[in-house]
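Quick notes on the structure that follows.
The values are calculated or read from the model by the stated rules, or taken from the named source; none is laboratory data. Since the model is a prediction, treat every value here as computed from it, not as a measurement. For neighbour counting, all protein chains shown are included, and Cβ atoms are generated from backbone atoms with ideal geometry for every residue, glycine included. Ligands, DNA and RNA are stripped out before the accessible areas are found, and what is left, the full protein with its side chains, is counted by its heavy atoms. Shrake-Rupley method; radii C 1.70, N 1.55, O 1.52, S 1.80 Å.
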Amino acid sequence: TTKERIMHAFWDLYRINGIKGITVTKLCTLVSINRSTFYAYFYDIYDVLEQIEDQVILPLEFKTIILDNVINEKERASFFSNILNFFDKNIEYLSVPLGEHGDSKFRYKLLNKLMPTIISDSNLTDAKKNRLTFLIEYQNAAVLSVILSWYNNPKNLSKEELITLLLDITANGIQKELIQLMKE
């Protein structure tokens with residue numbers, strides 16, 4: 001469809017330079033459409049990005065494949081494996097907005113879309129929900145950063161080694177893991 005062609009052309013430009021060099025005129029020329037056709041689907045170029053991000057960030061899918069495993073201790077390896085599978089499936093659309101030319105607010109958009117789904121099933125007090133929000137923010141920042149680093153450094157560790165590392169850090173804390181590493 002025309003909308004998909006616009007989104008694809010936008011993404012081709014976005015991957016190279018981020019959003020700064022993209023204009024409606026440039027997109028229309030690339031897709032061979034007029035401006036009114038563009039505006040029939042999108043408000044502006046930021047709306048194109050938002051709609052692409054909305055296709056990648058699916059809170060219910062995230063909850064089903066990832067979050068449901070975090071509560072079950074026996075399934076923690078599945079938790080990180082599912083996160084990596086989610087990245088594998090969406091790496092083109094996650095690595096760019098989370099990368100050097102990306103949207104510095106994307107991680108927050110991701111977290112803000114997922115947070116209501118995460119908290120909705122909990123019967124926690126407001127104080128505990130606030131604490132949970134900070135715990136998830138901490139874990140989210142760490143895990144996203146490690147996974148992106150892994151993708152950007154030709155996978156210096158195997159997938160299994162990365163999962164084990166993430167499990168160890170999650171279970172033991174970073175300080176304990178650092179101390180153990182320095183003793184070896």
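Side notes on the structure shown:
- Measuring between alpha carbons in the structure, the pairs from LYS20/LYS128; LYS20/LYS89; LYS20/LYS159; LYS129/LYS183 lying more than 32 angstrom apart are LYS20/LYS128; LYS20/LYS159; LYS129/LYS183.
- Peptides 39-48, 130-139, ordered by how many other C-beta atoms sit within 10 Å of their residues on average, highest first, read 39-48, 130-139.
- Surface listing: LYS105, LYS159, LYS183 arranged by accessible area from highest to lowest gives LYS183, LYS105, LYS159, probe 1.4 Å.
- Sequence ranges 167-177, 8-18, ranked by mean other-Cβ count within 10 angstrom, highest first: 8-18, 167-177
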